[in-house]
Amino acid sequence: MCLGIPGRVVELLEGYGGQLALVDVAGVQRKINIGLLDEGPLEPGTWVLIHMGFALERVDAAGAAQAMDGLELMGRPADSGPGTQPAQPPQGGQHVTHEPA
C-alpha cells in the first residue's frame, strides 16, 4: 500500500483518452488521472489511493478506511492518542515558562 488519500470513483470521464475519472475524496469530487492503474477497467464505486492527482492503487473499503485512519493519525499532536483531545494552549494569553532550578 502506498501513502495516498483514499477516494471512491464516481464516474469515468469521456474523452481524455480514458485517463480521467471523477472521484469522491472526503465529500469533494475531483478529476483524477487513472492512467497508471493497470488492473483492467475501472468501475464506479471502486476505491483508489490517490497521490498528486494520480490513482496509484486499487483498494477495498477496508483498505480505504485504514488509509484514512493513518492520515488522521499523522495529523494528531504527538501527546494525543486515539480518543483524546489535542493539547490546548494556555487561556488568557498567558505564556508558561519553566526556569531552571
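Taken together, the values in this text are just the output of simple stated rules run on the coordinates, not laboratory data. Here the structure is a predicted model, which means the values were calculated and not measured. Note that we place each Cβ from the backbone using ideal geometry, even for glycine, and neighbour counts take in every protein chain shown.
So the values come out like this:
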{"quantity": "Cβ-defined net charge surrounding Ala62, 15 Å radius [Lys, Arg +1; Asp, Glu -1]", "calculated": "-1"}
{"quantity": "Semi-axes of the equivalent ellipsoid for the stretch 5-74, Cα gyration tensor, largest first, Å", "calculated": "20, 12, 10"}
{"quantity": "Counted charge near Gly40, where neighbours are those whose Cβ lies closer than 15 Å (Asp, Glu -1; Lys, Arg +1)", "calculated": "-3"}
{"quantity": "Summed side-chain charge close to Gln29 - residues other than Gln29 whose Cβ falls under 11 Å, Lys, Arg +1, Asp, Glu -1", "calculated": "+1"}
